[in-house]
Amino acid sequence: MLHCFNIFSPNLLSALPVATQVHGFDPRAPSVIFVLALLVVLVVPMLFERFRVPGLIGLIIAGIALGPHAANWIPEDSMIPPLGSVGLLYLMFLVGLEIDMHRFMRERHNSVVFGLITFIIPQTLGTLGAALLLGFPWPAAILMASMFASHTLVPYPIVQRLGLVKQRVITAAAGGTVLTDTLALLVLAVIAESSRRDLTMGFWLEQGLKLVVYVGVVAWGAPRLSRWFFRRVGNVEGVSGFLYVLVFAFGCAAMAPLAGLEPIIGAFLAGLTLNLLIPDQSRLMIRLRFVGDALFIPFFLLSVGLRVDVALLMTSGKAWLVMLYMVAAGYVTKFMAALISGRILGFSRAETGVLFGLTVNQAAATLAAVIVGVRLGIFTDDVLNGTILMILATCLLGPWVTERYGPQLALQEGERTLDSSGAPERIMVPVSDERQIEPLMSLAMMIREPTSGEALYPTMIVPESDASEKDVANAEKLLANATLQAVEGDAPVSSIVRLSDNMVEEIIGASRDLRISTLVVDDQLSFPSEFEHVPTRLVEQGRHLVFRFFHPTLLNTCRRVQVAIPPLMERQAGFAAAWAVLRRLVGQIGANMQILADKSTMQSMIRRKHFQPDDPQIETVALPNWSRAVGTMRKKDQQLDLRVLFLARTGQLSWEPGHARMPGLVSRMMPGQPCLAIYPSELKWEKEPVFKANTPAARFQSMFPPEQVFLNLTQPTLSRAVEHMVMRTYPGSANSAARKKLLADLAAMAREAPLRIAPECVLLHSHQATPPAPMALLATRQDGFAENGGEQTQATPPRLLLVLLGVPEESSEEHLRRLAAIASMFRVEGWIDNVIGAQSYEELLA
């Protein structure tokens, strides 16, 4: 019976049912296999990443060990292979969705040069080597070489961490990825179809016609259908928007065979067509990545391992020859491409090293090609095994090379040049109504520089009255939603609530205190005691860069941005910064731009390098005079346009009396359509010193000292756990009345509106505690805390409970700033799992 416990025995599962049938346990049951697969997806990547091996390698190796050719714990006829096929389609969809099309267009010269070189050299040399050295037939040799030609930017997080994402070599690598991966997938499409029939002239004509029709329908119809759907669905970034994207992606994949294409080409094309409709910083994109990273893609990687037959390595010398050739060819051809491209484009040694480190890695398109090749009988299992080893070898080398040359490139670039104004990029979002929060926060996140590190400041001003305490509490609840929206988008956030009878003065005063650079306001921003129009007063009394939003909505459906620029505006001191922010917004939306200005303003902007006259994404319309700007906008208006007006404050260089009437005129002539009025900044700032951040352990220890951490509680419900934590924090009877009130507040929040930072983490907070607050408390329970008096209403019971206690003497913005800091800390990948699994405070800090 000992052979039954050998994990590499194919007979293991066949023996288990007999032994366990009496207990009613079937190891081949779909639920058992699914749980096993989930356990692998959870544990294996963490183990491998501890040894600095990419998690995707661990999942493939786990698939090999548990698959039908080894332990047979996951049989070939289980649900994992079909889920893996779905995962492959989802992976290719994300590849198309995440390509930076605007960066590719901006850096098209370097991108095209490098993209062609890094495709042609591996494709040519790889084909000749496979045909002449390995004796492969030409179709198989060409398809194998296409696997060398494509690449995946696995070490990209390293260059993000080093602050190099805007360097020319990084844009060349990212843009070249678009070109070489697209060409490699086209090679796959042709070879796959040729395996079914001969490549005659009729084939090329028929295939070309099918391809043109399919691509035309998807590329022309999909954006229009998607914009129509997004326009009519209230919550684009909610469940309905997410499901629409899934239906569209898999629908395009399902229809691809009608055009003679592989489904993965259809999924890739679906990603490209939605690329400009889903902003990179949007919650919808974050959710799409999360589902892919957590479920679909891991199942695909696991299914790849199931196909590998380790026994071939022991019995076939050709298998070793194929593997060694693929690894060597992957290294050599990508190194030659990086070296030649670096010479042609004038890159330094460090830039060339980073280019090679980024592009030597094989993963997504490579796996797609080999799976299709094996399924169609073009490749044998030898090639599949060789591909797995090549992926392992390249994904180990790429990050190492990037880590070596990245710091050298950062030193060559020196310190980043700051704007002469020294202005910090801090964005304040004043709101007066719950409906303003989502569109304004979405706009603020799209105009924010992702690498700035500066926070967003959602702000509410509460009038002083007898009900001020209640109004402040309501404001904090509203801004908690804004806080979570920012945290979900990986943006730092610090919410502000202030008591005042003068909203405008309070906002301007707070913005000075916090060195705010930009205000994002709804034109309907209002206040009970303000008789004048609040946004107009903010514009005139403040000197910030102001984005004044009329008819706010989510902007990802906008196809074009019309920008009207008055004479002399380009010469104002704050215009260059405002223009840069607008270009960032247009890039996030994925829209083209139409500039309306007189000829002298156009020429002046070109001289100042605000845009290039041959930029394919920019159309220019000459205005005979500024007074006709709105009429021209209306004449050239499309339903899916965003109108933008650059306007000047009274007394500025480009100001004229008609500026004050322009926003209202646009709103009346084009009712209900979104419009932005941009007022450039007049602020002059002193530069701020830069301080190094504390370590994560130090930040955690300062926020959660040992006496405020309760690990592995036995209390089964949120309310009892909170009571235990508060009783330990406030011992004795000195503060019994205040303690009862605090417990009642927290219990009410636990029942009605607990903040879910993550599926397993809940945050409760109160601003009515007494000393020793302000403080934060933390508790864990392995089996989870039940809610609503013991009844579990969520699919995932919270296993981590966070409680933030603030005192009334503390300002609302300070309380919400603490809340944002806690939420941000526990949004870091892996933190929640590590905290829940810790058995001691020392283990937490480690």
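The values are calculated or read from the model by the stated rules, or taken from the named source; none is laboratory data. These numbers come from a predicted model, not from an experiment. Heads up, the Cβs are rebuilt from the backbone with ideal geometry, glycines too, and the neighbour counts pull from every protein chain shown. Quick note on the areas: whole protein, heavy atoms, side chains included, nothing else; ligands and nucleic acids left out. Shrake-Rupley method; radii C 1.70, N 1.55, O 1.52, S 1.80 Å.
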Set Val372, Val332: member being among the β-branched types (Val, Ile, Thr) and open to solvent by 10 Å² or more (accessible area, probe 1.4 Å): Val332
Residue list for the stretch 283-297, restricted to those being open to solvent by 10 Å² or more (accessible area, probe 1.4 Å) and either over 22 Å from Leu83 (Cα atoms) or at pLDDT 80 or above (or both): Arg283, Arg287, Arg289, Phe290, Val291, Asp293, Ala294, Leu295, Phe296, Ile297
Leu778 being part of a strand (DSSP E or B) and modelled with pLDDT of 80 or more: yes
Total residues in the stretch 794-846, condition in a helix (DSSP H, G or I) and more than 30 Å from Leu499 (Cβ to Cβ): 12
Residue selected from the stretch 449-468 under the condition of a type in the set (Val, Ile, Thr) and not in a loop (DSSP other than H, G, I, E, B), by the criterion nearest to Ala823 (Cα to Cα): Thr459
Flag for Arg103 being among the charged types (D, E, K, R), in a helix (DSSP H, G or I) and at pLDDT below 85: yes
Exclusive hit being at positive phi and either crowded, with 22+ Cβ neighbours inside 10 Å or not basic (Lys, Arg) (or both), set His544, His551: His551
Matching residues, the stretch 587-629, being open to solvent by less than 10 Å² (accessible area, probe 1.4 Å) and β-branched (Val, Ile, Thr): Ile589, Ile595, Thr601
Residue check for Ile278: among the β-branched types (Val, Ile, Thr), in a helix (DSSP H, G or I) and open to solvent by less than 70 Å² (accessible area, probe 1.4 Å): no
Residues that are touching a His at 6+ places or on another chain (Cβ under 9 Å) and either among the β-branched types (Val, Ile, Thr) or surrounded by 22 or more Cβ atoms within 10 Å (Cβ to Cβ) (or both), drawn from the stretch 526-541: Leu538
Selection from the stretch 448-477 of residues that are open to solvent by less than 50 Å² (accessible area, probe 1.4 Å) and under 17 Å from Glu506 (Cβ atoms): Tyr457, Pro458, Thr459, Met460, Ile461, Val462, Pro463, Ser468, Val472, Ala475, Glu476
Sole exception among (1) open to solvent by 10 Å² or more (accessible area, probe 1.4 Å); (2) out of contact with any His (no Cβ under 6 Å at 6 or more places or on another chain); (3) assigned to a loop (DSSP other than H, G, I, E, B); (4) modelled with pLDDT of 85 or more for Pro731, by number: (4)
Among residues of the stretch 215-247, those that are touching a Ser or Thr at 6+ places or on another chain (Cβ under 7 Å) and open to solvent by less than 70 Å² (accessible area, probe 1.4 Å), counted: 8
Members of the stretch 580-608 found to be assigned to a loop (DSSP other than H, G, I, E, B) and without any contact (Cβ under 8 Å) to a residue 12 or more places away in the chain, listed by number: none
Test: residue in the stretch 663-680 that is buried (at least 16 other Cβ atoms within 10 Å of the Cβ), touching a strand residue (DSSP E or B) at 6+ places or on another chain (Cβ under 9 Å), modelled with pLDDT of 75 or more and of a type in the set (Val, Ile, Thr): yes
Only listed residue being closer than 21 Å to Ser442 by Cα and either out of contact with any Asp or Glu (no Cβ under 9 Å at 6 or more places or on another chain) or aromatic (Phe, Trp, Tyr) (or both), chosen from Ala467, Ala482, Ala475: Ala475
Filtered residues of the stretch 781-823 (kept if within 17 Å of Asp745 (Cα to Cα), at pLDDT 80 or above and either open to solvent by 20 Å² or more (accessible area, probe 1.4 Å) or hydrophobic (A, V, I, L, M, F, W, C) (or both)): Leu801, Leu802, Val803, Leu804, Leu805, Leu819
Residue tally, condition modelled with pLDDT of 90 or more and open to solvent by less than 10 Å² (accessible area, probe 1.4 Å), over the stretch 355-369: 1
